[in-house]
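Enquirer: Submitted below is the structure of interest, expressed as structure tokens.
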Amino acid sequence: MHMADALISPAVGGVMWAATAGLVAYCCKKMRDGFEGFRVPLMGVLGAFIFAAQMINFTIPATGSSGHLGGGMILAILLGPYAAFLTIASVLTVQALFFADGGLLALGCNIFNLGFAPCFIVYPFIYKKIVGENPTQGRILAGAMIGAIVGLQLGAFGVVLETVFSGISELPFSTFVVLMQPIHLAIGIVEGLVTSALVLFIWKARPEILEMAAGAPATAGLSLRKVLVVLVALAVVTGGALSWFASAYPDGLEWSMAKTSGKEELEAPADGVHASLAALQEKTAFLPDYGFKSAEQAEPAEAAGAGTEPAKEEAPAWPAVDAGTSVSGLLGGTLTLLLAFGVGFLLKARHKSA
Amino acid sequence: MDIERTLFEIGALDQMALQDTPLHRLDPRTKLITAMGFILTVVSFGRYELAALLPLTLYPVALAAMGDLPAGYLLRKLLIASPFALFVGMFNPLLDRTPLLFIGSVAVSGGWISFLSILTRFCLTVSAALILVGSTGFSPVCMALGRLGMPRIFAAQLLFLYRYIFVLTEEGLRMVRARNLRSFGNKGTGVRIYGHMLGQLLLRTMDRAQRIHQAMLCRGFDGEVRLVRHCRFTSTDVAFIAGWFVYFGLARAFNLPQILGGVVTRIMA
């Protein structure tokens with residue numbers, strides 16, 4: 001469920017980067033103020049533990065598939081919210097850099113999706129409330145299970161919102177939600193199972209570790225109001241940034257259409273290669289009544305249709321990408337790629353001979 | 001994923017960073033800033049832009065060549081990382097069927113264009129990130145981030161994490177091997193044993209953390225990791241950043257392939 005750079009817009013990526021950077025700075029400040037520098041080695045090694053644990057699988061009964069630990073919830077339980085958020089952020093940074101999971105711009109989104117909910121919503125307001133001062137086996141099981149499910153549902157919902165706001169994918173909000181949430185319900189149940197197994201093991205073997213984490217001063221002073229304020233602020237900023245971008249670039253589609261139609265006159269001379277190609281295309285067209293064969297044909301249709309049916313006004317705008325532009329675009333694109341790789345080979349050759 | 005392979009892959013990328021090429025000699029900050037500029041440029045294109053994105057392939061290609069990074073390795077990493085972008089992107093051709101382009105008589109829908117655009121963005125952004133690490137190394141990237149304002153605790157956290165990934169993954173590898181030797185088919189690979197195994201690994205991890213912390217305190221650790229590394233901005237760095245940013249700007253402002261294609265068709269005519 002890592003977001004990818006390819007699917008987000010600069011506005012969404014930028015806002016989420018800012019939010020995440022702010023949270024990281026806030027957590028670092030909290031750690032410094034709380035004299036929790038002693039947790040630094042523990043955080044580092046636990047982050048590495050999450051890495052190692054993710055590579056160990058177990059078989060899920062009756063399905064034949066296997067599952068593994070995600071890690072957000074267990075880190076929050078062992079380290080408290082601030083240190084856990086930093087640890088999750090560091091794990092995701094390494095994954096982005098070495099495994100190309102997500103990307104550098106999407107890193108903000110990923111850290112927020114996978115870190116914010118477990119550390120600042122689920123752990124303080126669900127897990128701690130359920131487990132309470134005197135943990136029992138049932139409470140730990142319930143807390144870890146519900147916590148993991150809620151955390152992953154919120155994270156998956158974050159992915160959906162970021163994707164839909166970015167507008168690169170065509171997936172409508174409702175379809176994407178219906179796709180993502182059930183998948184992450186299943187993942188959440190597995191995560192809850194693993195987390196509770198792990199917490200119960202620690203609780204039986206070395207209960208003092210959990211007590212130490214629960215008593216961490218970091219959890220004090222974190223109120224529901226603060227968390228809500230952060231979320232509302234984020235929503236406002238996102239909305240502001242998006243509307244600003246929306247006015248600057250009407251929409252990816254409109255914008256690209258405006259661009260291509262603006263260049264029509266410039267790059268569509270009536271003769272030349274593309275004209276003959278267009279003629280060839282007209283001859284070979286196996287969808288003759290498709291109505292988009294060339295700009296010349298579409299324009300009269302627009303002129304005719306405009307007076308009678310206002311609804312058609314938008315449709316004829318499509319063929320603005322006429323055959324001529326397409327041909328020169330394809331040709332130019334191929335040439336550009338060849339040039340880019342040619343430069344690469346030259347550099348490599350020069351490098352080898354040097 | 002295979003544990004041995006994963007460890008090897010991380011190591012391989014860091015090994016590449018140890019080379020000595022013009023690209024490797026640049027300041028880490030230079031490469032980080034340029035990579036971020038590149039990624040921002042790529043994602044700022046509209047979703048139906050495909051041809052206009054292509055000039056940007058020059059950046060990863062030129063850098064990989066300059067830094068002598070193996071193309072096969074980078075391509076394999078791209079493939080491994082692609083599922084999510086593929087999964088979300090493949091709905092575009094299904095949902096958006098408005099014809100937008102003609103190749104001969106075949107109408108190409110907007111969905112396919114935007115899908116190809118997503119894949120191109122994916123290849124460009126991911127290869128930029130891989131090249132950044134492959135030409136710089138992890139600790140210098142962290143240091144560069146630190147110099148650019150990342151909090152020190154977080155920089156220390158990244159360095160710690162990276163150091164212990166190898167140690168703990170090898171420990172996990174031994175445990176998995178031991179479990180595999182003792183289990184037949186799916187017996188013994190269920191969640192019960194798994195929970196105990198992870199628990200053991202976690203306890204060992206925490207004990208290790210305590211030993212590390214004590215050893216560090218003995219050596220005067222005060223919460224900050226100091227890196228001994230020269231790091232200076234030269235005129236080459238300035239030229240590198242300026243050159244690429246001008247190129248990104250040109251590629252963003254003008255549809256270079258379209259112009260090139262127009263010129264070529266006119267010459268051929």
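The values are calculated or read from the model by the stated rules, or taken from the named source; none is laboratory data. For clarity, every value in this text was computed on a predicted model and none was experimentally measured. Because the Cβ atoms are built from the backbone with ideal geometry, glycine has one as well, and the counts that use them run over all protein chains shown.
Enquirer: Select from the stretch B:142-154 the residues that are aliphatic (A, V, I, L, M) and surrounded by fewer than 24 Cβ atoms within 10 Å (Cβ to Cβ) and list them in ascending order.
Expert: Within the stretch B:142-154, B:Met143, B:Ala144, B:Leu145, B:Leu148, B:Met150 qualify.
Enquirer: Which count do you get for residues in the stretch B:94-124 that are acidic (Asp, Glu) and in contact (Cβ under 8 Å) with a residue 24 or more places away in the chain?
Expert: 0
Enquirer: Let me ask something else about it. Is it true that some residue in the stretch B:89-101 is within 15 Å of the chain's Cα centre (by Cα) and within 9 Å of chain A (Cβ to nearest Cβ)?
Expert: No, the stretch B:89-101 contains no residue that is within 15 Å of the chain's Cα centre (by Cα) and within 9 Å of chain A (Cβ to nearest Cβ).
Enquirer: With (1) touching a strand residue (DSSP E or B) at 6+ places or on another chain (Cβ under 9 Å); (2) crowded, with 18+ Cβ neighbours inside 10 Å as the list, and B:Ile131 as the residue in question, which single condition is left unmet?
Expert: (1)
Enquirer: Filter the stretch A:8-42 for residues that are at pLDDT below 85 and on the phi < 0 side of the Ramachandran plot and give the result.
Expert: Answer for the stretch A:8-42, where residues must be at pLDDT below 85 and on the phi < 0 side of the Ramachandran plot: A:Lys30, A:Met31, A:Arg32, A:Asp33, A:Gly34, A:Glu36, A:Gly37, A:Phe38, A:Arg39, A:Val40, A:Pro41, A:Leu42.
Per-residue answers, yes or no, for (1) within 30 Å of A:Ala11 (Cα to Cα); (2) in contact with a Cys (Cβ under 8 Å, 6 or more places away or on another chain); (3) outside any helix (DSSP H, G or I):
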| position | (1), (2), (3) |
| --- | --- |
| B:Thr6 | no, no, no |
| B:Gln15 | no, no, no |
| B:Gln19 | no, no, yes |
| B:His24 | no, no, no |
| B:Ala35 | yes, no, no |
| B:Phe38 | yes, no, no |
| B:Tyr48 | yes, no, yes |
| B:Leu75 | yes, no, no |
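Enquirer: Report the residue count in the stretch B:152-174 for those that are farther than 16 Å from A:Pro41 by Cα, of a type outside the set (S, T, N, Q) and at the interface with another protein chain (Cβ under 7 Å from one of its Cβ atoms).
Expert: 2
Enquirer: Scanning for something in a helix (DSSP H, G or I), more than 7 Å from chain A (Cβ to nearest Cβ), more than 23 Å from A:Ala83 (Cα to Cα) and modelled with pLDDT under 85, does the stretch B:205-227 turn up at least one residue?
Expert: Within the stretch B:205-227, not a single residue is in a helix (DSSP H, G or I), more than 7 Å from chain A (Cβ to nearest Cβ), more than 23 Å from A:Ala83 (Cα to Cα) and modelled with pLDDT under 85.
Enquirer: Within the stretch A:1-35, can you find the residues that are hydroxyl-bearing (Ser, Thr, Tyr), surrounded by 19 or more Cβ atoms within 10 Å (Cβ to Cβ) and in a helix (DSSP H, G or I)?
Expert: Residue satisfying the conditions is A:Thr20 alone.
Enquirer: So which of A:Leu141, A:Leu79, A:Leu107 is surrounded by fewer than 24 Cβ atoms within 10 Å (Cβ to Cβ), assigned by TED's automatic domain parsing to the domain that holds A:Ala48 and touching a Ser or Thr at 6+ places or on another chain (Cβ under 7 Å)?
Expert: It is A:Leu141.
Enquirer: Every residue in the stretch B:36-64 that is at the interface with chain A (Cβ under 7 Å from one of its Cβ atoms) and within 24 Å of B:Arg232 (Cβ to Cβ), please.
Expert: Within the stretch B:36-64, B:Met36, B:Ala62 meet the criteria.
Enquirer: Run down A:Phe173, A:Phe165 and say which single residue is out of contact with any Leu (no Cβ under 7 Å at 6 or more places or on another chain), modelled with pLDDT of 85 or more and not small (Gly, Ala, Ser).
Expert: Of A:Phe173, A:Phe165, the one residue that is out of contact with any Leu (no Cβ under 7 Å at 6 or more places or on another chain), modelled with pLDDT of 85 or more and not small (Gly, Ala, Ser) is A:Phe173.
Enquirer: Another one. What residue, among those in the stretch B:65-79 that are touching a residue at least 60 places away in the same chain (Cβ under 8 Å) and more than 7 Å from chain A (Cβ to nearest Cβ), is surrounded by the fewest Cβ atoms within 10 Å (Cβ to Cβ)?
Expert: B:Tyr73
Enquirer: Assess whether B:Arg252 counts as being closer than 30 Å to A:Gly333 by Cα, out of contact with any His (no Cβ under 9 Å at 6 or more places or on another chain) and surrounded by 14 or more Cβ atoms within 10 Å (Cβ to Cβ).
Expert: Spelling it out, B:Arg252 is indeed closer than 30 Å to A:Gly333 by Cα, out of contact with any His (no Cβ under 9 Å at 6 or more places or on another chain) and surrounded by 14 or more Cβ atoms within 10 Å (Cβ to Cβ).
Enquirer: Can you say whether B:Gly190 is touching a helix residue (DSSP H, G or I) at 6+ places or on another chain (Cβ under 6 Å) and over 30 Å from B:Phe38 (Cα atoms), as far as the supplied structure shows?
Expert: For B:Gly190, the condition - touching a helix residue (DSSP H, G or I) at 6+ places or on another chain (Cβ under 6 Å) and over 30 Å from B:Phe38 (Cα atoms) - is not met.
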